[in-house]
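Worksheet: the structure to be examined is printed underneath.
The values are calculated or read from the model by the stated rules, or taken from the named source; none is laboratory data. On a predicted model such as this, the values are computed, not experimentally measured, just so you know. Using ideal geometry, Cβ is built from the backbone for each residue, glycine included, and neighbour counts are taken over all protein chains shown.
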Amino acid sequence: MSATESWASSPGTARSMRSNKRRDTTIELAVRRELHRRGFRYRVDFAPLNTVRSRADIVFPRARVAVYVDGCFWHGCPVHATLPKSNTDYWLPKLARNRERDSEVNDALRAAGWTVLRFWEHEPAGVIAERISAALGPAYPKAILIGH
């Protein structure tokens, strides 16, 4: 495939794929707003380990908690994932490799003492924030919010 050729099956598909965001998706922003409202401070789009090629969506370095909010298509949600109808020779191995990499990242982070939390993009932000809060525990320091 040359530099001018595209892996996409059509110009519309190429445009759609280019518009997918790697970070700051709607659900990520909603979860971060909810966590911030609850007084939590965190790192965004941060590599928990420099030995693992992965950037978590939200990271609590002191607590060693890495949070990923996975897209249903890209990571194979059992409820909402769809399989591509065209260019399947490209897409099926790519999507399978995404799931395989997620598992490898989970294993590597857990082996290094991290808690890994993974959520689907269709889960409500408040529910995700509550599960993150529970994982951090009541002793996790929160920012003092004056006037809130």
Item to check | Residue list for the stretch 111-125, filter: exposed (fewer than 13 other Cβ atoms within 10 Å of the Cβ) and in a helix (DSSP H, G or I) | outcome: ALA111
Checklist entry - What about ASN106, is it polar (S, T, N, Q), farther than 18 Å from THR26 by Cα and without any contact (Cβ under 8 Å) to a residue 60 or more places away in the chain? => result yes
Checklist entry - So which residues in the stretch 72-100 are surrounded by 15 or more Cβ atoms within 10 Å (Cβ to Cβ) and touching a Cys at 6+ places or on another chain (Cβ under 6 Å), if there are any at all? => result ALA81
Item to check | Only listed residue being touching a helix residue (DSSP H, G or I) at 6+ places or on another chain (Cβ under 8 Å), among the β-branched types (Val, Ile, Thr) and either modelled with pLDDT under 90 or closer than 19 Å to SER133 by Cα (or both), chosen from VAL52, VAL59, VAL44, VAL79 | outcome: VAL44
Item to check | Pick from the stretch 22-77, criterion among the acidic types (Asp, Glu) and part of a strand (DSSP E or B), ranking: nearest to PRO93 (Cα to Cα) | outcome: ASP70
Checklist entry - Quick check, is ALA112 out of contact with any Phe, Trp or Tyr (no Cβ under 7 Å at 6 or more places or on another chain), at pLDDT 95 or above and farther than 25 Å from VAL31 by Cα? => result yes
Item to check | Failed criterion for ALA143 (all others in (1) surrounded by fewer than 15 Cβ atoms within 10 Å (Cβ to Cβ); (2) modelled with pLDDT of 95 or more; (3) in contact with a Phe, Trp or Tyr (Cβ under 9 Å, 6 or more places away or on another chain) hold) | outcome: (2)
